[in-house]
1. Specify which of the listed residues (Leu51, Leu33) is of a type in the set (A, V, I, L, M) and at pLDDT 95 or above.
2. Only one of Val70, Val74, Val66 is of a type outside the set (Asp, Glu), within 10 Å of the chain's Cα centre (by Cα) and on the phi < 0 side of the Ramachandran plot. Can you tell me which?
3. Only one residue in Arg87, Arg1 is basic (Lys, Arg) and touching a residue at least 24 places away in the same chain (Cβ under 8 Å). Which one?
4. What are the residues in segment 1-17 that are surrounded by 10 or more Cβ atoms within 10 Å (Cβ to Cβ) and either of a type in the set (S, T, N, Q) or not in a loop (DSSP other than H, G, I, E, B) (or both), if any?
5. Are there any pairs, at least 6 apart or on different chains, whose C-beta atoms fall under 8 Å, with the first in segment 41-55 and hydroxyl-bearing (Ser, Thr, Tyr) and the second in a strand (DSSP E or B) and modelled with pLDDT of 90 or more, and if so, which?
6. Counting just the residues of segment 18-49 that are of a type in the set (Gly, Ala, Ser), part of a loop (DSSP other than H, G, I, E, B) and open to solvent by 40 Å² or more (accessible area, probe 1.4 Å), which one comes out farthest from Arg1 (Cα to Cα)?
7. Here are Ala68, Ala52: which of them is open to solvent by 30 Å² or more (accessible area, probe 1.4 Å) and either polar (S, T, N, Q) or assigned to a strand (DSSP E or B) (or both)?
8. Go through segment 56-84 and give me each residue that's in contact (Cβ under 8 Å) with a residue 40 or more places away in the chain, over 21 Å from Ser7 (Cβ atoms) and in contact with a strand residue (DSSP E or B) (Cβ under 7 Å, 6 or more places away or on another chain).
Amino acid sequence: RGKVVLSNGKPIPPDMRVTLSADRAWDSQIATLSPDGRFEFHGLPAGVYGLAPAVKGYRLPEGVGVEALVNRDVNDVVIQMEPAPKRP
C-alpha cells in the first residue's frame, strides 16, 4: 500500500491509476488511485516490483523510477509526481 502525491498539492483527478509489474513473471496489476492518492495491492509474492503511476498532466521527476522490495506487508510507499511540461 502507498500513496501518490502531487508536488503542487492538488488532489488526484478521478480514474487515475498505478501499475505494479514484476519483470520476472511478466505480470502486472493495476489499481485505481483514490482522490487522496492512496492505492493498495493484495497477495503479492516476495520480490522486487516496479510501480508506474499515471496521473493526467503529471510525470515522475526526470530520471526517477520507482521500485519496491516486497518481503512483508509494505504500508508506506510514497510516490511524488510533478507537473508535466506543457506541450506547444
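The values are calculated or read from the model by the stated rules, or taken from the named source; none is laboratory data. Every value quoted in this text rests on a predicted model; they were computed, and no experiment measured them. Every residue, glycine among them, receives a Cβ derived from its backbone with ideal geometry; neighbour counts consider all protein chains shown. Only protein heavy atoms, including side chains, enter the accessible area calculation; ligands, DNA and RNA are left aside. Shrake-Rupley method; radii C 1.70, N 1.55, O 1.52, S 1.80 Å.
1. Leu33
2. Going through Val70, Val74, Val66 in turn, just one is of a type outside the set (Asp, Glu), within 10 Å of the chain's Cα centre (by Cα) and on the phi < 0 side of the Ramachandran plot: Val66.
3. Step by step, each of Arg87, Arg1 is checked, and only Arg1 is basic (Lys, Arg) and touching a residue at least 24 places away in the same chain (Cβ under 8 Å).
4. Gly2, Lys3, Val4, Val5, Leu6, Ser7, Arg17
5. Tyr49/Leu20; Tyr49/Ser21
6. My answer is Ala46.
7. On inspection, the qualifying residue turns out to be Ala52.
8. Val74
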